[in-house]
1. Would you please name the residue that is modelled with the lowest pLDDT, looking only at residues in the stretch 58-80 that are over 18 Å from L20 (Cβ atoms) and touching a Ser or Thr at 6+ places or on another chain (Cβ under 7 Å)?
2. Against the definition (acidic (D, E), open to solvent by less than 50 Å² (accessible area, probe 1.4 Å) and within 28 Å of G62 (Cα to Cα)), how does D165 come out, yes or no?
3. What pairs come out if I take residues in the stretch 37-64 that are surrounded by 14 or more Cβ atoms within 10 Å (Cβ to Cβ) and pair them with residues that are basic (K, R) and part of a loop (DSSP other than H, G, I, E, B) whose C-beta lies under 6 Å away, six or more apart or interchain?
4. Is it the case that the stretch 85-107 has a residue that's of a type outside the set (D, E) and either under 26 Å from F3 (Cβ atoms) or touching a residue at least 60 places away in the same chain (Cβ under 8 Å) (or both)?
5. Find the residue count for the stretch 119-158, including only residues that are touching a Phe, Trp or Tyr at 6+ places or on another chain (Cβ under 8 Å) and either open to solvent by 60 Å² or more (accessible area, probe 1.4 Å) or of a type in the set (D, E, K, R) (or both).
6. So which residues in the stretch 82-103 are open to solvent by 50 Å² or more (accessible area, probe 1.4 Å), at pLDDT 85 or above and either outside any helix (DSSP H, G or I) or among the β-branched types (V, I, T) (or both)?
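The values are calculated or read from the model by the stated rules, or taken from the named source; none is laboratory data. The model shown is predicted, which means the values in this text are computed figures rather than measured ones. Quick reminder, even Gly has a Cβ in these numbers, built from the backbone with ideal geometry, and neighbours come from all protein chains shown. Heavy atoms of the whole protein, side chains included, go into the accessibility calculation; ligands, DNA and RNA do not. Shrake-Rupley method; radii C 1.70, N 1.55, O 1.52, S 1.80 Å.
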Amino acid sequence: QGFDVRLGQPNRDPDYRRHLEADFIADAKGCQGALISGGIRVTREVLAALPGLKVISKIGVGVDTVDVAAASELGIAVCNTPGGNDAVAVAEHALTLLLALRKQLHVWTREYLQGGGWRTPRVFAGGLDGSTLGIVGFGRIGRALAQRVAGWNVRVLVHDPLARDLPPGVQAV
């Protein structure tokens with residue numbers, strides 16, 4: 001297609017956590033487009049250091065890591081990838097964390113069990129049955145989470161002034 005594609009630092013570094021602005025600028029120097037993840041903050045300073053940039057597309061739904069106002073002023077289009085399956089993965093992760101907290105898995109460590117902790121009633125691991133789950137924001141992720149707890153006898157309350165067509169069993173608050 002006549003495009004030259006370069007992989008940036010996050011794709012080369014298995015220990016990647018947070019992409020430094022200077023590294024990103026070095027990686028993207030001379031590029032017309034950049035596909036980014038949430039690890040880089042694309043500030044006005046970063047945009048000014050990349051004069052040939054025409055488009056930034058963020059992997060995932062939001063563009064909260066990009067200074068959209070600065071990009072607009074500089075004529076740089078900002079896009080995202082809302083059609084991905086991230087909502088399901090995030091909802092599943094939220095449910096996993098919810099269950100881990102409810103079951104107090106942070107307490108039931110190997111050391112705790114080997115020390116006889118399982119024999120005492122000190123730690124009570126509860127269930128979700130009959131509980132109430134509050135979801136703030138009922139977009140793709142909130143809906144996916146509500147769908148995953150449907151049938152678990154969990155009352156689902158949502159707060160989202162823009163939410164429409166709530167599924168059965170979900171109550172707006």
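1. Within the stretch 58-80, the match that is modelled with the lowest pLDDT is G60.
2. The answer is no for D165.
3. What qualifies is G39/R18.
4. yes
5. Summing the residues that are touching a Phe, Trp or Tyr at 6+ places or on another chain (Cβ under 8 Å) and either open to solvent by 60 Å² or more (accessible area, probe 1.4 Å) or of a type in the set (D, E, K, R) (or both) in the stretch 119-158 gives 1.
6. V90, T96, K103
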